[in-house]
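A.B. asks: This is the structure I want to talk about, given as structure tokens.
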Amino acid sequence: MEKKKLLLLGGLGVISLVAFLQLKKMSTPPPPAPVASAPVAEVISNVEYVDILVAAQDIPRGSRLTPEYMKWKKWPAEALEPNLIDIQNQPQALETYATAVTRHALYNGEPIMLQKIVMPGDRGIMAALLKPGMRAISTRITADTAAGGFIQPGDRVDVVLTYQLPRSLQTTMESTQNNYASQTIFENVHVLAIGQTSNPTPDGTAYVIGSTALLELSQDDSEVLTEAQSRGDISL
């Protein structure tokens, strides 16, 4: 009798265990279905790029651009704006903008925007060249008084005045001669523009054109230079 009870209890236990496992399995939610994602390599390959003109180094305000100041850099085509200079629309941009002047400072890697540069001959170029509070003053020059024609815009020069000494400062023995003296009136002056340049001719020699230089000076110094020109010759 006891044996039958044990067998009955064991069978009930097995049935209860099986029923419990089935109920637990039915109450457990199914795992979420995996979300399909596009391959990363495929997404990257769909991005189109175009070369735009950027600063190759830090460029101060009022600087004349040269090919060394500029370079091409890849830029997302969808982010291209009309004020950017791209190689598709302007393949000769390095040459086209080689004489432009920066209205604002540009930093290495920064896109060169049309609003930040001014071309020679355009209105506003003098404002781009001059530092705040400074003046542009011109002076007469010749090949002999401007380093043989090799001074270029952006150079810095000393301004020398050569004048004739008054008769009262000349000795009696030299009274029949004209004596001259030279004096440096300004140092390290920024040359904004130069009306002369050294250009190679087909035979390899050079010739000089122009007769004025445009210098950046303060208002007081501009008045001094104007007065000095009436006293003698100016050399750079």
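The values are calculated or read from the model by the stated rules, or taken from the named source; none is laboratory data. Predicted model, so just to flag it, every value in this text is computed and none were measured. Methodologically, a virtual Cβ is constructed for each residue, glycine included, from the backbone with ideal geometry; neighbour enumeration extends over all protein chains shown. Areas reflect the complete protein model, heavy atoms only, side chains present, ligands, DNA and RNA absent. Shrake-Rupley method; radii C 1.70, N 1.55, O 1.52, S 1.80 Å.
A.B. asks: Net charge near residue 70, counting Lys/Arg +1 and Asp/Glu -1 over other residues with Cβ under 12 Å of its Cβ?
C.D. replies: The answer is -1.
A.B. asks: Counting Lys and Arg as +1 and Asp and Glu as -1, what is the net charge of the other residues whose Cβ lies under 15 Å from the Cβ of residue 219? Intermediate values should be presented prior to the final figure.
C.D. replies: Values: positive: 131, 135; negative: 216, 220, 221, 223, 227.
So the environment of residue 219 carries a net charge of -3.
A.B. asks: In segment 79-144, what trypsin sites (Lys or Arg not before Pro) fall in a loop by DSSP, with at most 11 other Cβ atoms inside 10 Å?
C.D. replies: Here the sparse-neighbourhood loop sites are 123.
A.B. asks: Work out the length of the dipole vector of segment 83-147 about its Cα centre, built from +1 on the beta-carbon of each Lys and Arg and -1 on the beta-carbon of each Asp and Glu, and round it to the nearest 20 debye.
C.D. replies: Working: 6 positive and 5 negative charges, 80 e Å.
I would put it at about 380 debye.
A.B. asks: Note down the relative contact order for segment 73-141 as a percent, whole number, built from C-alpha pairs under 8 angstrom at least six residues apart.
C.D. replies: With pairs under 8 Å counted, the relative contact order is 28 percent.
A.B. asks: Order 78, 48, 223 by their accessible area, 1.4 angstrom probe, all chains in place, largest first. Write out the running numbers ahead of the final one.
C.D. replies: Details: 78 175, 48 135, 223 110 Å².
Per-residue accessible area, sorted high to low, gives 78, 48, 223.
A.B. asks: Still on this structure, I have one more. Whose amide H sits under 5 Å from the amide H of residue 70, counting only residues 5 or more places off or on another chain, with H placed in the peptide plane?
C.D. replies: Distant-sequence amide H within range of residue 70: 56.
A.B. asks: Okay, moving on. Sort the following peptides by mean Cβ neighbour count (other Cβ atoms within 10 Å, averaged over residues), highest first: 154-160, 88-94. Intermediate values should be presented prior to the final figure.
C.D. replies: On the way: 154-160: 16.1, 88-94: 13.1.
So the peptides 154-160, 88-94, ranked by packing, come out 154-160, 88-94.
A.B. asks: Could you derive backbone 3J(HN,Hα) for segment 87-98 from the dihedral phi with the Karplus parameters 6.51, -1.76 and 1.60 (θ = phi - 60°), listing whole Hz in sequence and x where the residue is Gly or Pro?
C.D. replies: Once θ is set to phi - 60°, the couplings for segment 87-98 become 6, 6, 8, 9, x, 9, 4, 4, 7, 5, 9, 5 Hz.
A.B. asks: Now a separate question. Could you give each residue of segment 101-110 its phi-based ³J(HN,Hα) in whole Hz, using Karplus coefficients 6.51, -1.76, 1.60 with θ = phi - 60°, and x for Gly or Pro?
C.D. replies: With the stated coefficients, segment 101-110 comes to 10, 7, 6, 9, 5, 10, 10, 3, x, 6 Hz.
A.B. asks: Using a 1.4 Å probe and ignoring any ligands, DNA or RNA, find the accessible area of residue 150 and quote it in Å² to the nearest 10.
C.D. replies: Using a 1.4 Å probe on the heavy atoms, I get roughly 140 Å².
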